[in-house]
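Chemist: Structure incoming, see below.
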Amino acid sequence: MSFINYSSREINCKIVYYGPGLCGKTTNLKYIFGNTAPDAKGKMISLATETDRTLFFDFLPLSLGEIQGFKTRFHLYTVPGQVFYNASRKLILKGVDGVVYVADSQIDRMEANIESLDNLRENLADQGYDLDRIPYVVQYNKRDLPDIAPVDEMRALLNLNGVPDFEAEATTGRGVFATLKAIAKLVFMELKRSRTSSST
Amino acid sequence: MAAPETVIFEEEFARINLVCDRLRSDANAQVVFIVDKNGQLIAASGETEHLDTTSLASLTAGNVAATGGIAKLLKEKEFATQFHEGEVSNIHIQIVGQRVILVVIFDQRSSLGLVRLRVRKASDELNKVFDTLVAKAQQPGAMKVLEEITDEDIENLFNE
């Protein structure tokens with residue numbers, strides 16, 4: 001749910017990175033944080049366990065340029081990927097404007113990918129969202145590792161609707177900003193579309 | 001789609017800021033801020049220069065969401081009030097009208113009793129302002145800025 005302030009002339013949106021445990025959601029955010037100009041970002045917050053697994057969420061506020069004289073800000077969140085943190089994942093999806101689904105390309109993680117995608121669909125439905133109707137992109141991460149599935153196969157399993165998808169190596173940054181730009185564009189296109197259709 | 005956007009207009013923004021300023025002064029607090037339930041900071045008053053209000057807003061909303069999850073498991077509607085006591089600073093968190101979160105940070109110059117009393121009064125005022133905002137946001141043309149976004153605007157965001 002975007003937040004528009006006519007007084008401070010700001011549009012704020014919420015993006016959630018979703019995916020199975022250890023697929024690289026936090027690594028995406030860390031790369032964005034490390035490669036963004038200091039004045040365009042806030043502090044990155046990680047609520048993690050002692051072993052650095054996400055416990056509740058990571059949070060990174062990011063400023064993009066201006067649209068129609070309004071500053072645009074994105075709040076990027078990750079969810080905890082581990083199966084038993086489902087209650088937390090549901091909470092983080094509240095008020096989401098766009099979702100990045102991060103898949104792990106390793107062959108032995110395909111089942112976890114599918115399970116997590118089903119879980120995303122269910123949790124979104126619980127919040128009143130339909131995955132087929134919200135801004136949504138897919139990232140095939142860890143393309144640099146051995147024993148990975150071909151992109152075509154992953155697409156057939158995880159991206160049946162043909163939403164924008166990207167190959168990535170979040171540790172080196174390949175594909176990270178392309179993914180972010182794609183979801184940001186879709187969010188604004190949806191904001192415009194929803195208002196134009198509701199006013200006609 | 002799910003819930004509509006939160007929109008704040010200038011007139012109501014001024015009223016919200018006024019409520020925050022008055023509450024800070026009446027409760028003898030250091031900082032007062034208002035966050036929407038999704039973690040977006042709406043307004044802040046007081047000694048905020050050294051505070052990361054964006055992170056505070058996000059964490060407060062996360063905290064409220066987690067507490068709401070606990071309430072649901074216990075079949076409670078919500079736990080509308082939270083209080084955390086520190087060695088120097090204390091934080092009082094109040095859900096207002098099930099839609100926004102009113103946060104008061106205070107030290108030994110104030111007391112929990114005083115903060116609770118003043119928060120109650122401010123909550124009533126804020127409810128009125130947010131009722132007005134909801135009504136205004138539904139009027140035609142309220143989201144003009146979104147209707148006027150062009151494809152070029154969206155492209156330009158990434159070309160700067």
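The values are calculated or read from the model by the stated rules, or taken from the named source; none is laboratory data. What you are looking at is a predicted structure, and each value in this text was computed from that prediction instead of being measured. So basically every Cβ, Gly included, is an ideal-geometry build from the backbone, and we count neighbours across all protein chains shown.
Chemist: When residues of segment B:13-47 are filtered for being closer than 21 Å to A:T72 by Cα, part of a helix (DSSP H, G or I) and charged (D, E, K, R), how many remain?
Modeler: 0
Chemist: Go through segment A:13-53 and give me each residue that's in contact with a Gly (Cβ under 6 Å, 6 or more places away or on another chain) and over 17 Å from A:Q139 (Cβ atoms).
Modeler: A:K14
Chemist: May I ask you to list the residues in segment B:81-90 that are more than 20 Å from B:A71 (Cα to Cα) and β-branched (V, I, T)?
Modeler: Once the filter is applied, which keeps residues that are more than 20 Å from B:A71 (Cα to Cα) and β-branched (V, I, T), segment B:81-90 yields only B:V88.
Chemist: If you go through segment B:14-55, how many residues are over 22 Å from B:S110 (Cβ atoms) and either more than 9 Å from chain A (Cβ to nearest Cβ) or more than 11 Å from the chain's Cα centre (by Cα) (or both)?
Modeler: The number of residues fulfilling the criteria is 5.
Chemist: Tally time: how many residues in segment A:56-68 are farther than 15 Å from B:F158 by Cα, facing chain B (nearest Cβ under 8 Å) and not aromatic (F, W, Y)?
Modeler: Residues in segment A:56-68 being farther than 15 Å from B:F158 by Cα, facing chain B (nearest Cβ under 8 Å) and not aromatic (F, W, Y): 1 in total.
Chemist: Determine the pairs where a residue that is more than 7 Å from chain A (Cβ to nearest Cβ) and within 13 Å of A:I67 (Cα to Cα), located within segment B:137-160, has a partner that is assigned to a loop (DSSP other than H, G, I, E, B) and among the polar types (S, T, N, Q) with Cβ atoms under 9 Å apart, the partner being 6 or more residues away or on another chain.
Modeler: As it stands, the answer is B:K144/A:Q68; B:T150/A:Q68, since those pairs meet every condition given.
Chemist: Then there's this: So for segment B:56-73 (the condition being more than 14 Å from every other protein chain (Cβ to nearest Cβ), without any contact (Cβ under 8 Å) to a residue 40 or more places away in the chain and surrounded by fewer than 15 Cβ atoms within 10 Å (Cβ to Cβ)), does at least one residue qualify?
Modeler: The answer is no, given that none of the residues of segment B:56-73 is more than 14 Å from every other protein chain (Cβ to nearest Cβ), without any contact (Cβ under 8 Å) to a residue 40 or more places away in the chain and surrounded by fewer than 15 Cβ atoms within 10 Å (Cβ to Cβ).
Chemist: Which residues, counting only those in segment A:1-55, are more than 11 Å from chain B (Cβ to nearest Cβ), in contact with a Leu (Cβ under 7 Å, 6 or more places away or on another chain) and in a loop (DSSP other than H, G, I, E, B)?
Modeler: A:T36, A:T49, listed by residue number.
Chemist: Can you list the helices (runs of 4 or more DSSP H) lying wholly within segment B:80-160 that have 2 or more residues being exposed (fewer than 13 other Cβ atoms within 10 Å of the Cβ)?
Modeler: Where helices (runs of 4 or more DSSP H) fall fully within segment B:80-160 and carry at least 2 residues being exposed (fewer than 13 other Cβ atoms within 10 Å of the Cβ), they are B:112-137, B:151-156.
Chemist: Quick one: which residue in B:V96, B:V145 is under 15 Å from the mean Cα position of the chain (by Cα) and closer than 23 Å to B:A14 by Cα?
Modeler: Of B:V96, B:V145, the one residue that is under 15 Å from the mean Cα position of the chain (by Cα) and closer than 23 Å to B:A14 by Cα is B:V96.
Chemist: Output the number of residues of segment B:8-37 satisfying the condition of being of a type in the set (F, W, Y) and at pLDDT below 95.
Modeler: 1
Chemist: Given the criterion among the hydroxyl-bearing types (S, T, Y) and more than 26 Å from B:F9 (Cβ to Cβ), identify the matching residue among B:T60, B:T67.
Modeler: Among B:T60, B:T67, only B:T67 is among the hydroxyl-bearing types (S, T, Y) and more than 26 Å from B:F9 (Cβ to Cβ).
For every residue, the table says whether it meets (1) within 14 Å of chain B (Cβ to nearest Cβ); (2) without any contact (Cβ under 8 Å) to a residue 60 or more places away in the chain; (3) of a type in the set (S, T, Y); (4) not in a helix (DSSP H, G or I).
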position: A:L120; (1), (2), (3), (4): no, no, no, no
position: A:I134; (1), (2), (3), (4): yes, yes, no, yes
position: A:Q139; (1), (2), (3), (4): no, no, no, yes
position: A:R155; (1), (2), (3), (4): no, yes, no, no
position: A:G162; (1), (2), (3), (4): no, yes, no, yes
position: A:T179; (1), (2), (3), (4): yes, no, yes, no
position: A:I183; (1), (2), (3), (4): yes, no, no, no
position: A:F188; (1), (2), (3), (4): yes, no, no, no
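Chemist: Starting from residues that are out of contact with any helix residue (DSSP H, G or I) (no Cβ under 8 Å at 6 or more places or on another chain) and farther than 24 Å from B:T60 by Cα, keep the ones in segment A:70-115 and report whichever is farthest from the other protein chains (Cβ to nearest Cβ).
Modeler: Per the stated criteria, the residue is A:I107.
Chemist: If you don't mind, there's one more thing I want to ask. The conditions are (1) surrounded by 20 or more Cβ atoms within 10 Å (Cβ to Cβ); (2) out of contact with any Phe, Trp or Tyr (no Cβ under 7 Å at 6 or more places or on another chain), and A:G128 fails exactly one of them. Which is it?
Modeler: Going through (1) surrounded by 20 or more Cβ atoms within 10 Å (Cβ to Cβ); (2) out of contact with any Phe, Trp or Tyr (no Cβ under 7 Å at 6 or more places or on another chain) one by one, A:G128 breaks only (1).
Chemist: Moving on to the next point. Pairs only if they're at least six apart or on different chains, beta carbon under 9 angstrom, first in segment B:101-119 and closer than 22 Å to B:G62 by Cβ, second charged (D, E, K, R) and at pLDDT below 95; list them, first residue then second.
Modeler: B:I101/B:D36; B:I101/B:K37; B:I105/B:E47
Chemist: When you look at B:L23, is it surrounded by 14 or more Cβ atoms within 10 Å (Cβ to Cβ) and without any contact (Cβ under 8 Å) to a residue 24 or more places away in the chain, yes or no?
Modeler: no
Chemist: Among the listed residues A:K90, A:K43, A:K94, which satisfies the condition of being more than 13 Å from the chain's Cα centre (by Cα), over 14 Å from A:V176 (Cα atoms) and buried (at least 20 other Cβ atoms within 10 Å of the Cβ)?
Modeler: A:K94
Chemist: Report whether or not B:S123 is farther than 17 Å from B:N17 by Cβ, touching a residue at least 12 places away in the same chain (Cβ under 8 Å) and among the small types (G, A, S).
Modeler: For B:S123, the condition - farther than 17 Å from B:N17 by Cβ, touching a residue at least 12 places away in the same chain (Cβ under 8 Å) and among the small types (G, A, S) - is not met.
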